[in-house]
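First comes the structure, then the notes that go with it.
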Amino acid sequence: MRRDRRSENKRKRASFLGLGIGQPRRLSGFRSQRTLGWEQLEDRVLLAGDLHLTALTPTASGFVAEFNQAIDTSVLNLYDSAGGILGEADLSLVGDSTGPIQGSALVEGNHLRFIASGGVLAEDTYTVRLRSAENGIRALDGHSLLDGEFTGTFPTGDGVPGGDFEFTFVAAPESVVVSIPDLARGPQQAVNVPVARDGQPVEEGLPITINNAAGVTSLLLHLHYDPNLMTIEDVMRGVDAPEDSPVVANLETPGHAIISWFSIEPLEEGAASLISLRASVPEGAAYGAAQALRITHLEVNAGDLAATADEAVHVVAFPGDTTRNERYDVEDARLIARVGVGLDTGFAVYPPHATDPAEVRMLYPTIDPVIIGDVTGDGTLSALDASDVLRNVVELSTPGIPALPDNQQSLEIQLSTNTVPENQPAGTVVGMLSTVDPDVGDVHTYSLVAGEGDDDNHLFEIVDDELRTAAVLDFDAQSTHQIRVRSTDEGGLWVEQVLVIEVLRVNQAPTDISLTPHSVSQTAPVGTVVGQLSTEDPDVDDTHT
């Protein structure tokens, strides 16, 4: 059903590239055009540092690629700004009939998962490509590029890093699909999807739907999610389920829900929301993080009715917060409008008009922008979405944009200057501390805390919002120091950050001159060397005349 709604939108945005990939053996809904098999890694030699694909697993919604080591996510992108500051899309999937597929890419350890937007992949032949480049798919060390040439065996590669990976597969999903919608919800927000329309109240919960309920009498499924990014409190009957249909869930294991439902009488034809999850995003969920919501062990009518499970993407972000600053402002609306008219392919960087990569802040370079910016819930980005964000900025009613939490976690600790001259007395002010906080006007208190990066906490102190020295610092003994600082707001939420302090060298006066040796014979001719002059100087690298 979501695919029907977005198909025209996908054609309009053919430059949006997603990806999906197949595996040699037959899985539900997929046929490979190549005869492949798992291979023992010892059949091919992997050189230390080289990056290869070692396994491929298709899903109904895309693929999972496994690498022999972690990949660098800092340069990974599917979307870009008008200036092309991030370069070509690193992942692409193109169907012979359906054309380029839009979606999102998530990195989980050594695995790269792509999830197509708008539902499962339609029946078609697809070609997938992973781009090997300095600003593409490379190892986490930042040096080894993907060695991706594929000749039918794993691991990939010809021994020379730099080759792209390409593969063709056939998708053939079942006609019955069970799915969860893609969504963006931020910390402390309830997960209520879809959004409200025409002044109607928001439906409670996250729906599990079936695209055609004709003859359906029961469902059994396992739902996998990240409990650090989402908490499921309860499972309820969906809005389209009969009133006498029970639903039972096992929520004992965080991150793994087992859900069952049945109806006494078979359902009628048409799409239906049969199950609803009462869920929320934890307060400490990492803003901007994304997870896959995966359905496994799916049984419709105890397996008598063949069905395919779709995957969904949850982004920890407030809907419409395109600038990723945890609040709403006019810039959010502007970025939505830019994507809507085709200037940018997604919400990748800010500001989008910058030309120097060093001048931009990364936003959501691997996330389908519709998930973030579609606050009207129609599956597209348009002037209506930008208008709703503007209405929210000026505090007008916007039913599709859920309220922000009363108190949000701070984003970043800043220090006005991180340098201090050497040999200054204890108590010298290094700089002023401040906090970037979505809650404008919040007051913060600062403290030095234990943890990673606290090596030199004992050499400093904090008085109100001033960072001061607690000892005399010597450049020659140690030129840089690390401290760990916590900023706590009025509501008790805090953020911690490691700050680096640089000690500036100050030229100090020499303290003594020596002559070695210091005697000479009375008959020595003119020009005889008496001895070598040397100088005692606190600045150990100084030279003297």
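The values are calculated or read from the model by the stated rules, or taken from the named source; none is laboratory data. Only a predicted model underlies this, so the values are computations on that prediction, with no experimental measurement involved. Neighbour counts are summed over all protein chains in view; Cβ atoms, including those assigned to glycine, are modelled from backbone coordinates with ideal geometry. Please note that ligands, DNA and RNA were not included when accessible areas were found on the heavy atoms of the full protein model with its side chains. Shrake-Rupley method; radii C 1.70, N 1.55, O 1.52, S 1.80 Å.
Listing for the model above:
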item: Sorted largest first, extent of segment 362-428 alpha carbons per principal axis (Å); result: 64, 29, 18
item: 3J(HN,Hα) from dihedral phi, segment 149-158, Karplus parametrisation 6.51/-1.76/1.60, rounded to Hz, x for glycine, proline; result: 4, 10, 10, x, 9, 10, x, 6, x, 10
item: With Cα atoms, 0 to 90° folded angle of helix 2-12 axis to the chain main axis; result: 60
item: Accessible surface, per residue, of the chain when the full set of protein chains is kept, probe 1.4 Å, Å²; result: 45
item: Carbon/sulfur fraction of accessible area - segment 488-545, other protein chains in place, 1.4 Å, %; result: 54
item: Degrees between helix 330-340 axis and first principal axis of the chain (Cα, 0 to 90, nearest 10); result: 60
item: Accessible-area ranking of Tyr79, Tyr287, largest first, probe 1.4 Å; result: Tyr287, Tyr79
item: Area accessible to solvent at His458, 1.4 Å probe radius, in Å²; result: 130
item: Heavy-atom accessible surface of segment 112-192: percent carbon and sulfur, 1.4 Å; result: 48
item: Alpha-carbon Debye profile of segment 36-194, log10 I(q)/I(0) at 0.18 Å⁻¹; result: -1.16
item: Accessible surface ranking that places the most exposed of Trp261, Trp494 first, with a 1.4 angstrom probe; result: Trp494, Trp261
item: Spin-label model distance (nm) - Ala286 vs Glu490, 7 Å beyond Cα toward Cβ; result: 3.1
item: Segment 278-283 - phi-based ³J(HN,Hα) in whole Hz, Karplus 6.51/-1.76/1.60, Gly and Pro as x; result: 8, 9, 8, 9, x, 4
item: For segment 268-344, radius of gyration divided by Kirkwood radius, i.e. Rg to Rh on alpha-carbons; result: 1.12
item: At q = 0.11, 0.21 Å⁻¹, base-10 log of I(q)/I(0) for segment 189-278 (Debye sum, equal scatterers on each alpha carbon); result: -0.32, -1.05
item: Helix-derived mean residue ellipticity, 222 nm - over the chain, DSSP H n ≥ 4, -39500 (n - 2.57), to 500; result: -2000 deg cm²/dmol
item: Degrees, to the nearest 10: 383-393 long Cα axis against longest axis of the chain; result: 60
item: P(r) weight above 24 Å for segment 386-545, C-alpha pairs, percent; result: 58
item: For Thr355, solvent-accessible area (1.4 Å; no DNA, RNA or ligand), Å²; result: 120
item: Shape category assigned to segment 281-428 from the gyration tensor of Cα positions, a/c cut at 1.5; result: prolate
item: Cα-Cα separations in the chain greater than 43 Å, expressed as whole percent; result: 32
item: Semi-axis lengths, Å, segment 466-545, gyration tensor of Cα atoms, sqrt of 5 times eigenvalues; result: 54, 9, 8
item: Relative contact order (%) - the chain, alpha-carbon pairs under 8 angstrom, separation at least six; result: 12
item: Heavy-atom accessible area order for Ser81, Ser382, largest first, 1.4 Å probe; result: Ser382, Ser81
item: Diffusion coefficient, µm² s⁻¹, Stokes-Einstein with Kirkwood Rh over alpha-carbon pairs of segment 118-170 at 10 °C and 1.306 mPa s; result: 129
